[in-house]
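Take a look at the structure set out below.
The values are calculated or read from the model by the stated rules, or taken from the named source; none is laboratory data. Only a predicted model underlies this, so the values are computations on that prediction, with no experimental measurement involved. Cβ placement follows ideal geometry from the backbone for every residue including glycine, while neighbour counts extend to all protein chains displayed. Heavy atoms of the whole protein, side chains included, go into the accessibility calculation; ligands, DNA and RNA do not. Shrake-Rupley method; radii C 1.70, N 1.55, O 1.52, S 1.80 Å.
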Amino acid sequence: MRCAGIDIGSRSIELVVLENGKIVESRQSDSGFDPMKNATALINGAAYDAIMATGYGRHLFEIAFNSPTVTEIKAYAEGARFLFPDVRTVLDIGGQDSKAIALNADGKIKKFEMNDRCAAGTGKFLEIMARSLGYELDDFGPEAMKAEKDILISSMCTVFAESEVTSLVAKGSDRREIALGLHSSVVRRAAGMLKRVSVNAPVIFAGGVAKNPCMCHLLEKALESPIHVPKNPQMVGALGAALLAAR
Amino acid sequence: MSQDYTKMWEKLGLNLEAHDALLSVLGKAYQDIYLAQKNRPQGMGYFDFVMSEVHGLRIKELLDEQAAGRKIIGAYCVFVPEEIALAAEATLVGLCSGADFAADEVEKLLPRNTCALIKSSFGFKLGKVCPYLECADMIVGENTCDGKKKSYETLNTLVKNLYVMDLPQKKSDEGKALLKSEYYRFKEAVEKLTGAAVTAESLRKSIETVNSKRKAIHRLARLRSASPAPISGLDALLANQVYFYDNPARFTDSVNKICDELEKRVENKVGVFPENTPRILLSGCPMAVPNWKLPWIIETSGAVIVGEESCVGERGTRNLTDDSGTTVDEMMEAIVERYFKVDCAIFTPNPDRLSHIAEMFETYKADGVIHYGLQFCQPYLMEAIPVEKALEAKNIPTLRIDTDYSMEDAGQLKTRVEAFVELLK
Ligand code: SF4
Ligand code: SF4
């Protein structure tokens, strides 16, 4: 049986198809202005017997395709557990949200936290900050890691942080140090969220932001624990949904 | 609505245009949230009727009572003793504050970070859309949280008939003495308002009336411990909301009728949702009409609410007033005793509330607790953290939610609630 999972997030959509416990297909696209249109295009031509939707657009997909749904929380926990069977803590930082999940020793979700209504502490925040410092998103983390020290950014609000960055640049502060400071502030927030649900090893870091090496490095320092990043960190939700579709 | 009440509203000084807008929002919400539910008990038809006439027939009844010489008292808190009002020939109605209204006007008078409940009570006054408020002969405010306390100073400039009741903050002998003297002061104020003296006979009768209303609600609550739950949390919440402004005797009858029906449902194992639906206990700030947002999100996310640890719920209605006294003083004492047990978060410390939550969790066979705090409500938001810790120490899954009346966060709330329900399965 081929089972698919689709994760319709606010920034991107991922599709994973599983057959006999193996990933046989994975696709990704932007959510764009019309996520349902893009989701429809993404599943076009993919072969599967059952599909489960997750992500913030899951209920739209449910209506359009009469598919069952699962929350991102459960999907990420499930996906992470498939990749790392003894996982106890999952952090996911995606385009516009972030979440921390604590699992019991037997893999059941014990507690979770999600970010507030705004973009603070998410991929969107890093993206905007990279842009205002003139970095490509992919270079943002590696460049920040070259800084010797970081400059404290006091504001977590995207709008205020951006003007803080602009004034630091105008004052002639080192771009890399500002970049490191911005990463540190996202990590502080993520670590706070993780500590509220309790942190136990192994910790899995998923979502698009997990591709940023500076984030991983700082997070390990903040948690005093190694963290594991899946090969395709942004596919974990879709993978989890596909696994649940198989049940 | 069955009749044209425009003249009545006009006479009360309502802003007709704004009032129409409010009624249409209310009607739509009721349609989408209440009437869209499946498997509702037939007896809920009464409450559908009450809601459709909430600004119509019920107001007309109150005006008729007034014409016959009774007085109407509006109150914002469950600490205002209905027994005393009734015994002095006054009718007590709750002033609901469950929707944002006239927000721009409100923010001229109150800081932005005031809880939605207080803002709403001002919005209804400033927008001139609440016929209960406008027809009340006396409005009772109470010194509970700082927000209410201070806002009454401002409300006093907007209404002519505000009476402020002081309340204790500690469950001490001194606290009880304060409550007692305040209840006597209230008794005198009501007697002065109506010109009718509270007598042993009238007080005995009013205790009976209010106790009967409570007993009916207790009966309803007990039936919800059955699995599958015979009534939705939304419908039970509505009964608890209507408790505050319906005619007490008619309300008691209607709730008892629903209970007769629910007893049969329980016997036949008929429920509103399937038997294995996760069961939620809601705990926290009161939910006034038409604040149905969170219960609606919960019950459309695959769970059923089986109890409300709230002032619009069991915190407000549990405990009867002892009716064995024979003199006014003895019965006043019993009233003080009964109300002094209300475990509102404005008390410090407030351990009874925590034990009550745990007790309700057991009684109603809940699977998890959702703590509902209104943004900027210090007493409940502060208490939420130790409550969550204590419940989790007992292995009771708990979800803490801070929100307000806007629908802005509905999507995010839905995800959090759904994820919580998933973990209960
Ligand atoms: S929560 Fe406290 S202040 Fe509010 S109605 Fe209840 S007792 Fe009164
Ligand atoms: S919800 Fe909280 S802040 Fe608002 S009136 Fe009630 S106790 Fe006060």
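The listed residues are B:401, B:396, and the only one of them that is of a type in the set (Val, Ile, Thr), touching a strand residue (DSSP E or B) at 6+ places or on another chain (Cβ under 9 Å) and either away from ligand 2 (no atom under 15 Å from the Cβ) or open to solvent by 60 Å² or more (accessible area, probe 1.4 Å) (or both) turns out to be B:396. The number of residues in the stretch B:369-386 being away from ligand 1 (no atom under 11 Å from the Cβ) and without any contact (Cβ under 8 Å) to a residue 40 or more places away in the chain comes to 4.
Suppose we keep only residues that are assigned to a helix (DSSP H, G or I) and in contact with a Pro (Cβ under 8 Å, 6 or more places away or on another chain) within the stretch B:196-229. Which one would you say is surrounded by the most Cβ atoms within 10 Å (Cβ to Cβ)? So the residue we want is B:210.
Scan the stretch B:381-393 for residues that are within 12 Å of chain A (Cβ to nearest Cβ) and open to solvent by 30 Å² or more (accessible area, probe 1.4 Å) and the total you get is 3. Among the residues making up the stretch B:153-166, those that are surrounded by fewer than 17 Cβ atoms within 10 Å (Cβ to Cβ) and either part of a helix (DSSP H, G or I) or not assigned by TED's automatic domain parsing to the domain that holds residue B:81 (or both) are B:153, B:154. Can you give me the number of residues within the stretch B:1-38 that are part of a loop (DSSP other than H, G, I, E, B), within 18 Å of residue B:120 (Cβ to Cβ) and within 24 Å of the chain's Cα centre (by Cα)? Adding up the residues that qualify gives 1. Among the residues of the stretch A:95-113 satisfying the criterion of being touching a helix residue (DSSP H, G or I) at 6+ places or on another chain (Cβ under 6 Å) and at pLDDT below 90, which is farthest from residue A:82 (Cα to Cα)? Selected residue: A:96.
The criterion of being out of contact with any Leu (no Cβ under 8 Å at 6 or more places or on another chain), of a type in the set (Ser, Thr, Tyr) and closer than 22 Å to residue A:191 by Cα does not hold for residue A:166. Residues in the stretch B:338-355 that are acidic (Asp, Glu) and either within 16 Å of ligand 2 (Cβ to nearest atom) or within 14 Å of another protein chain (Cβ to nearest Cβ) (or both): B:343 only. Among residues belonging to the stretch A:113-127 that are outside any loop (DSSP other than H, G, I, E, B) and within 12 Å of chain B (Cβ to nearest Cβ), point out the one that is farthest from residue A:195 (Cα to Cα). Filtering the stretch A:113-127 for residues that are outside any loop (DSSP other than H, G, I, E, B) and within 12 Å of chain B (Cβ to nearest Cβ), the one farthest from residue A:195 (Cα to Cα) comes out as A:114. Return the pair list, or none, for Cβ contacts closer than 6 Å from residues in the stretch B:407-418 that are more than 7 Å from chain A (Cβ to nearest Cβ) to residues that are surrounded by 19 or more Cβ atoms within 10 Å (Cβ to Cβ), at least 6 apart or on different chains. From the stretch B:407-418, the pairs are B:413/B:297; B:414/B:297; B:417/B:297; B:417/B:298; B:417/B:301.
Within the stretch A:52-97, the residues that satisfy the criterion of being away from chain B (no Cβ under 12 Å), within 23 Å of residue A:107 (Cβ to Cβ) and over 16 Å from the mean Cα position of the chain (by Cα) are A:52, A:53, A:82, A:84, A:85, A:86, A:87, A:88.
All conditions in (1) basic (Lys, Arg); (2) under 17 Å from the mean Cα position of the chain (by Cα); (3) open to solvent by less than 10 Å² (accessible area, probe 1.4 Å) hold for residue B:338, with the sole exception of (2). A count restricted to the stretch B:364-380 and to residues that are more than 12 Å from ligand 2 (Cβ to nearest atom) and either within 14 Å of chain A (Cβ to nearest Cβ) or not in a loop (DSSP other than H, G, I, E, B) (or both) stands at 5. Once the stretch B:125-148 is narrowed to residues that are under 19 Å from the mean Cα position of the chain (by Cα), within 14 Å of ligand 2 (Cβ to nearest atom) and in a helix (DSSP H, G or I), the residue that is nearest to residue B:93 (Cα to Cα) is B:148.
Under the condition of being assigned to a loop (DSSP other than H, G, I, E, B), out of contact with any Ser or Thr (no Cβ under 6 Å at 6 or more places or on another chain) and either of a type outside the set (S, T, N, Q) or outside the structural domain of residue A:123 (by TED's automatic domain parsing) (or both), the residues counted in the stretch A:176-225 number 3. Considering the conditions (1) within 14 Å of ligand 2 (Cβ to nearest atom); (2) more than 30 Å from residue B:337 (Cα to Cα), residue B:109 is excluded by exactly one of them, (1). Selection of the stretch A:1-37 for residues being of a type in the set (Val, Ile, Thr) and open to solvent by 50 Å² or more (accessible area, probe 1.4 Å) yields A:23, A:24.
Give me the residue from the stretch B:91-105 that is outside any loop (DSSP other than H, G, I, E, B) and crowded, with 23+ Cβ neighbours inside 10 Å and, out of that set, nearest to ligand 2 (Cβ to nearest atom). Let's see the steps before the verdict.
Going through the stretch B:91-105, the residues outside any loop (DSSP other than H, G, I, E, B) turn out to be B:91-94, B:103-105.
Among the residues that remain, those that are also crowded, with 23+ Cβ neighbours inside 10 Å are: B:92, B:94.
On the way: B:92: 19, B:94: 13 Å.
The selected residue is B:94.
For the stretch A:102-112, filtered to residues that are part of a strand (DSSP E or B) and more than 9 Å from chain B (Cβ to nearest Cβ), the residue that is nearest to the chain's Cα centre (by Cα) is A:102. The set of residues in the stretch B:170-195 being in contact (Cβ under 8 Å) with a residue 40 or more places away in the chain and open to solvent by 70 Å² or more (accessible area, probe 1.4 Å) consists of B:170, B:171, B:180.
One line per residue, one yes/no per condition, for (1) under 19 Å from residue B:210 (Cβ atoms); (2) touching a strand residue (DSSP E or B) at 6+ places or on another chain (Cβ under 8 Å); (3) surrounded by 17 or more Cβ atoms within 10 Å (Cβ to Cβ):
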| site | (1), (2), (3) |
| --- | --- |
| B:54 | no, no, yes |
| B:74 | yes, yes, yes |
| B:112 | no, no, no |
| B:120 | no, no, yes |
| B:124 | no, no, yes |
| B:168 | no, no, yes |
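Of all residues in the stretch B:76-90, those satisfying the criterion of being within 16 Å of ligand 2 (Cβ to nearest atom) and either of a type in the set (A, V, I, L, M) or open to solvent by less than 20 Å² (accessible area, probe 1.4 Å) (or both) are B:78, B:79, B:80.
Among residues of the stretch A:220-231 that are aliphatic (A, V, I, L, M), those with a Cβ under 6 angstrom from a residue that is part of a loop (DSSP other than H, G, I, E, B) and buried (at least 18 other Cβ atoms within 10 Å of the Cβ), sequence gap 6+ or separate chain, pair up as A:223/A:199.
Going by the conditions given, is residue B:348 among the polar types (S, T, N, Q), at pLDDT 95 or above and more than 18 Å from residue B:168 (Cβ to Cβ)? Spell out the reasoning first.
Values: among the polar types (S, T, N, Q): yes; at pLDDT 95 or above: yes; more than 18 Å from residue B:168 (Cβ to Cβ): no.
Criteria not met by residue B:348.
Looking at (1) in contact with an Asp or Glu (Cβ under 9 Å, 6 or more places away or on another chain); (2) within 14 Å of chain B (Cβ to nearest Cβ), which one does residue A:135 not meet, given that it meets all the others? In the conditions (1) in contact with an Asp or Glu (Cβ under 9 Å, 6 or more places away or on another chain); (2) within 14 Å of chain B (Cβ to nearest Cβ), residue A:135 misses (2) alone.
Selection of first residues in the stretch B:249-275 that are touching a residue at least 12 places away in the same chain (Cβ under 8 Å) and of second residues that are among the aromatic types (Phe, Trp, Tyr) and part of a helix (DSSP H, G or I), restricted to Cβ pairs under 6 Å at least 6 apart or on distinct chains, gives the following pairs, ordered by first then second residue: B:254/B:46.
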